[in-house]
1. Order by neighbour count: A:73, B:318, B:227, A:78, fewest other Cβ atoms within 10 Å first, most last.
2. With label points built 7 Å along Cα→Cβ from the Cα atoms of residue B:308 and residue A:28, find their separation and express it in nm.
3. Could you line up B:134, B:30, A:72, A:13 from fewest to most neighbouring Cβ atoms inside 10 Å?
4. Kindly identify the protein assembly as shown as rounded, prolate or oblate by the Cα gyration tensor criterion: order the square roots of the eigenvalues as a ≥ b ≥ c, call it rounded if a/c is under 1.5, otherwise compare a/b with b/c, prolate if a/b is larger, else oblate.
5. Once chain B is represented by equal point scatterers at the alpha-carbon sites, with solvent omitted, what log10 I(q)/I(0) does the Debye formula produce at q = 0.10, 0.14 Å⁻¹?
6. Nearest 10 degrees, 0 to 90: what angle lies between the long axis of helix B:30-51 and the longest principal axis of chain B (Cα atoms)?
7. Report, in degrees rounded to the nearest 10, the 0 to 90 angle that the Cα long axis of helix B:218-232 makes with the longest principal axis of chain B.
8. Averaged over A:85-95, how many beta carbons belonging to a partner chain fall within 10 Å of each residue's beta carbon?
């Protein structure tokens, strides 16, 4: 079964990353690199998203399409990337997500 | 609940979970198996009171479930074929109820759904019985169960016993659900709902079933001991007119000494596994009370020590307060009112803030202040306790009852 792990950043996480020195930040990136290497056999696809200030949202529910600046929910938590994994069940997906070393929230959604 | 109803509940509980597990195995579909079994249970509860419990209630239930399954699942050929081949007696298989329990208590399901699903699937309660026990609408419970089952299927929550790596956390979830059920039943028992199913019985049965299925897990044994110790004192908890009797005033002659001794042996068995945990320690604390011949003969220092160990594993302001109460009754110089008050006032500010909304905290302070000759301060603390109790702080009141009875 395929699941998408949505990686969610919080303001605090972004601040912490910002305030790190070069060495600490590199260590954090290396940890993410190791995670992807470790789970490479299960990861079918992944991407890191540019920061939320680059986002544009289009609402198609009204008479006219409405274009707005920013992500679709304005909040302290924003999706910053995703990885699609192929595993047997939710427990395996949870086990993979559990070892994620970066941003503090991960949403797990099964894919049809 | 009268004897006939209790017996009916017992019979259904004994078989429902096992048969559901059997149907899940045959059909390979948790939701479908659960549905047809629930139908069989409802049919049994309608017919058995008039017709009498059949000689082989499990065969009866399975036959009804199978017929029901052939009927409702007739458009799904795979299921129909599987069910058609299912005949009584089903071949002996290992007890699959553990898988059932772990799936129902999966952390990806909301807590209330875990509770409802466990009661329905493992204990064989009907949706109506669950609704009555929790004083919520039947449609609310039905919806929780439908959503939970949909998530189990769609998000593929597995139906199996967790791996060794996952087990401690997952077992913790199961224990939490059982303990929650027990508290719910224990706190509402003896009330004005004589026809409600006794959730404390169901929780005790679940704890016993779990302890049998994972006999090498000390916390499962600890929880069973804890539940049995509370149940052993049930007869002394209420006056004939239904009001609550505090531990101090309970007639200890009415406690079930044999059950207390058995719980003590469970605690020893758990301790021999050398993995202490919060349920084992809470059971040991209740055992200290249960084994004492009287309130004044209680080994309060031992209780305070057990609270120290409990706090090291599971810090909680309420347990800190209870430790102080134990110290208050322990002999000086290590115990006594002065020691207890000093400890109480030395609690971390965060704990004191939490306890400030908790009536027993102020009642305890009032008692200590009075014992130490400070009547004005004691009266102020009393008023604070009373104010809080007069508020609709039902939750705190309920907790208070659990702590003190």
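The numbers here are math on the coordinates, done by the rules we state, and not lab data. Just so it is clear, the structure is predicted and the values come from calculations on it, not from any experiment. Don't worry about glycine lacking a Cβ; one is built from the backbone with ideal geometry, like all the others, and counts go over all protein chains shown.
1. A:73, B:318, A:78, B:227
2. 4.2 nm
3. With the sparsest Cβ surroundings first, the list reads A:72, A:13, B:134, B:30.
4. In terms of gyration-tensor shape, oblate.
5. Reported log10 I(q)/I(0), two decimals: -0.75, -1.28.
6. Approximately 90 degrees, to the nearest ten.
7. Taking Cα atoms only, the helix is inclined about 70 degrees.
8. 4
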